[in-house]
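Only one structure is covered here, and it is reproduced in the block below.
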Amino acid sequence: MLKQKSILFFLLIILGFSVFGQEKTTLNLPKFEHRFMHFGFLIGINSADFRLVRYPPTVYGADTLLVLEPQSTTGFNLGIISEMHLGEYFGLRFTPNLAFSQRKLNYAFQTFEGEKKYTKDIESTLINFPLNLKIKSARLNNFSAYIIGGASYSYDLASNASAQNNSTNLNDIFIKLGPHDFMGDIGFGTDFYLEYFKFGIEFKMSYGLNNIHIRESNAFSDPIDKLKTKMFLLSFTFEG
């Protein structure tokens, strides 16, 4: 839902400014792209999720797994921006940020007592280090659009990889995730050149490349073959 609303929001902005930008206006920050580097900060809203690959229908003891599906939730990001200008239309962008996110895994088992459902909450505090290439359009008065792509490394400060998971109560069993992740990034955005700084709106999708699931022998971990991350990020950027 966040992804669909963000894309529609961007399309409306681009359409509106394309029409509005036909009229000549005062050019703000005319030499912004001529500097070697510039800096800023970002505030973002994220939607974190999993891409899950599971084994065929699993029987665990006397119980049969009926449902195993991820559920996304909303979190937020705070970060800093540094961009090296490679020309008028290109920039190398490094945006380290701190992300607070939560994901869920929903289970349903068929037991002798009927169907039982469980939800496993997985909280993460991520330090992300994205390095992206930014390809910009020509300025239309004080507006421009861009696409962005690259890769990032992520470290989960809240990783439970070393925690002991030996409870016999199914409600207390948790899913173990490793702390290290590598992701591919792709996105697009718009820049608005204001009088004293540049304001931007960016939508970026990040897809984990490695399996972060730490497999254990229990009813919740056994059915999972691979667990990879997926995150959609809507950022508001302030650069000067």
Sole residue being over 22 Å from the mean Cα position of the chain (by Cα) and among the polar types (S, T, N, Q), chosen from Ser206, Ser221
Ser221
Within segment 80-110, of all residues that are in contact (Cβ under 8 Å) with a residue 60 or more places away in the chain and more than 13 Å from the chain's Cα centre (by Cα), the one nearest to Thr125 (Cα to Cα) is Leu105
In segment 77-129, which residues are closer than 30 Å to Leu42 by Cβ and among the charged types (D, E, K, R)?
Glu83, Glu88, Arg93, Arg103, Lys104, Asp121, Glu123
Going by what's in this entry, would Lys198 be described as of a type in the set (D, E, K, R), in contact with a Lys or Arg (Cβ under 6 Å, 6 or more places away or on another chain) and surrounded by fewer than 21 Cβ atoms within 10 Å (Cβ to Cβ)?
no
Any hit, segment 166-174, residues being in contact with a strand residue (DSSP E or B) (Cβ under 8 Å, 6 or more places away or on another chain) and modelled with pLDDT of 95 or more
no
Might you let me know whether segment 50-65 holds any residue that is within 22 Å of the chain's Cα centre (by Cα), surrounded by 14 or more Cβ atoms within 10 Å (Cβ to Cβ) and either at pLDDT below 95 or not basic (Lys, Arg) (or both)?
yes
Can you tell me which residue within segment 150-195, out of those that are exposed (fewer than 13 other Cβ atoms within 10 Å of the Cβ) and among the charged types (D, E, K, R), is farthest from the chain's Cα centre (by Cα)?
Glu195
Can you say whether Leu92 is surrounded by 14 or more Cβ atoms within 10 Å (Cβ to Cβ), modelled with pLDDT under 95 and touching an Asp or Glu at 6+ places or on another chain (Cβ under 9 Å), as far as the supplied structure shows?
no
Checked pairs for segment 179-193, first over 9 Å from Ala145 (Cα atoms) and at pLDDT below 95, second part of a strand (DSSP E or B) and of a type in the set (Ser, Thr, Tyr), C-beta under 6 Å and 6 or more apart or across chains, list as none
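The values are calculated or read from the model by the stated rules, or taken from the named source; none is laboratory data. Just so you know, these numbers come straight off a predicted model, no measurement behind them. Every residue, glycine among them, receives a Cβ derived from its backbone with ideal geometry; neighbour counts consider all protein chains shown.
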